[in-house]
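Throughout, read-outs are computed from the coordinates displayed, never taken from laboratory work. In this text the structure is predicted, and so the values were computed from the model without any measurement. Glycine gets a Cβ as well: all are built from the backbone with ideal geometry, and neighbour counts include every protein chain shown.
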């Protein structure tokens, strides 16, 4: 009974991590080139988001490495909104998130966070805030930088900011924001890959796995919130 309670990763979760690693290796072989920063960010990011879906507090450790490397990648590919988001927001939020989750542990398993649900009015405000933030950031990026995809970059940046706040507060609805941003990120990095950037393919694999895991996160967190 005890081992069942403390078991974090299930076959589905392990499969996501293994498929990610194999896909990254296959992509590197096809391209006949190895991209170390992108590969490490890919593996750390997917492992972190899988642990996040499982409500494990240890996701913040893997995510800290991921967001640091991803900030470098986004900056080098002129996705400045995401570069700033990761360096100036996500990185310190890993510390804040760890602290917040450590004070909201599940009574059945201290390594996991206790989830909760948002009120409809708060969810509506989060959606409206995301829409307003997207338009504002897209305008700023398109006007004052040479960002290649300002609207996509602005949307992803905004919904991920909201998603991180909801994640820190342990609301299960966070996963809808992650899902929306991850789907668009697949499109964004597909464009980067089509332009000849090898790292674009690695990020495409990463966010494809994130998208699958977001659906898993919705199911797991919603069920846990109902139990609570």
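List of remarks:
- For peptides 22-30, 181-189, sequence by mean Cβ density within 10 Å, most packed first: 181-189, 22-30
- Once the chain from residue 143 to residue 110 is taken as fully extended at 0.36 nm per residue, the excess over their C-alpha distance is 7.1 nm.
- Residues in region 185-199 reached by a label modelled at residue 34 [backbone nitrogen below 19 Å; 7 Å Cα→Cβ]: 198-199
- Annotation for residue 96 and residue 18: the two label points, set 7 Å from Cα along the Cα-Cβ direction, are 3.8 nm apart.
- For region 181-215 and region 33-112, distance of Cα centres in Å: 16 Å
- Among 77, 47, 143, residue whose mean-square fluctuation peaks in a GNM of the chain (springs only between Cα atoms under 10 Å): 143
- Mean Cα-pair separation over length for region 11-227, i.e. relative contact order, pairs under 8 Å, 6 or more apart, %: 23 percent
- Efficiency of FRET between residue 135 and residue 88 - r from beta-carbon atoms, R0 22 angstrom, step 0.05: 0.60
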